[in-house]
1. Within region 201-230, how many residues are crowded, with 18+ Cβ neighbours inside 10 Å and either over 16 Å from ASP15 (Cα atoms) or among the acidic types (Asp, Glu) (or both)?
2. Among the residues of region 206-221, are any of a type in the set (Ser, Thr, Tyr) and closer than 15 Å to THR169 by Cα?
3. Out of (1) among the basic types (Lys, Arg); (2) without any contact (Cβ under 8 Å) to a residue 60 or more places away in the chain; (3) part of a loop (DSSP other than H, G, I, E, B), the odd one out for LYS47 is which?
4. Of all residues in region 38-54, count the ones that are farther than 19 Å from SER86 by Cβ and among the hydrophobic types (A, V, I, L, M, F, W, C).
5. Quick check on this structure: which one of ASP114, ASP95 is assigned to a loop (DSSP other than H, G, I, E, B) and of a type outside the set (A, V, I, L, M)?
6. Can you work out which of the residues in region 118-134 that are outside any helix (DSSP H, G or I) and of a type in the set (A, V, I, L, M, F, W, C) is surrounded by the most Cβ atoms within 10 Å (Cβ to Cβ)?
7. Any residue that is of a type outside the set (Ser, Thr, Tyr) and within 22 Å of LEU25 (Cα to Cα) - is there at least one of those in region 146-153?
8. Confirm whether VAL167 is in contact with a strand residue (DSSP E or B) (Cβ under 6 Å, 6 or more places away or on another chain) and either at pLDDT 85 or above or not polar (S, T, N, Q) (or both).
Amino acid sequence: MTTLPTIMAIFAHPDDEAFSVGGTLTHYARKGVKVVLVCATRGEAGKITDPNMTITDLGQQREAELRRATAALEIPEPIFMDLHDSGRYERTRYDDPKALMNLTPLQIETPLRDLIAEHQPQVLITFDPHGAYGHIDHLQIQRATTAAFFSTGHLPYGGPQRLFFTVGTAGLNPGLSRMGDNLDPNLYGVSQSTIALRMNVKPYAEQKKAALAAHGSQMGETSVIGRLSPEERQQMETQLLGVEAYAIGGTRTSLNLPLRGLFDGIPGFETLDG
């Protein structure tokens, strides 16, 4: 097994990382852990939520935003898979052959396997099985990452030892009701007993705020966050900036729940969460 502790976080669009894992990644980067952020697309089919911004190439804009966000989180610049954003609603790209929705899971898993072999992470992080709020790109990345975890155990270094899903608990995400789908929090949010790890990210609140702000095209007045009431916004910020929660998606090591951290119980790396 490689002696360099490594986390690989795999998401679909720029800004996915800031919401769910930003504080965790900063925490481990400061401990000397190698952090590899993989972003499948540049979010080019997203919605511009700030009417004051003039953007001619949204993919280029969001790539730059993600690079600024990673700098704010004190982690290396992202790796882009160069796949395409599928969009949603009237922006859905049914005819784009490189859109995630039009690829087979194996077409996405194969390059992920190559990245895992190259960077040798002990820990993988991705979306929960509902893709946070059901976005097809989130679902595709979740399925491909999960498959890649199970198909890379044969690698010479031993493969990733843990797969974590980012999760939110039922009733603690007011943004779900504003996604346009009237999402059931008991379907898209997990029970308390499902959570294997709660990371206290309050010490990294400023880094996480800066990362969220870096995604300016997605944080404008017409965004989900922009349309929250002051009370809802305060509730969401308390959750986002306080705790990042994870469920277990897969493991090759024994578990003693609740975990103290992402590396807790992984042989050779116990001191990272001591």
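1. 3
2. No.
3. Of (1) among the basic types (Lys, Arg); (2) without any contact (Cβ under 8 Å) to a residue 60 or more places away in the chain; (3) part of a loop (DSSP other than H, G, I, E, B), only one is false for LYS47: (2).
4. So the answer is 1.
5. That would be ASP95, the only listed residue that is assigned to a loop (DSSP other than H, G, I, E, B) and of a type outside the set (A, V, I, L, M).
6. Result: LEU124.
7. There is at least one residue in region 146-153 that is of a type outside the set (Ser, Thr, Tyr) and within 22 Å of LEU25 (Cα to Cα).
8. Answer is yes for this residue.
The values are calculated or read from the model by the stated rules, or taken from the named source; none is laboratory data. The structure presented is a predicted model; accordingly, all values stated were derived computationally and were not measured. Positions of Cβ are generated from backbone atoms using ideal geometry, with glycine treated the same way; all protein chains shown enter the neighbour counts.
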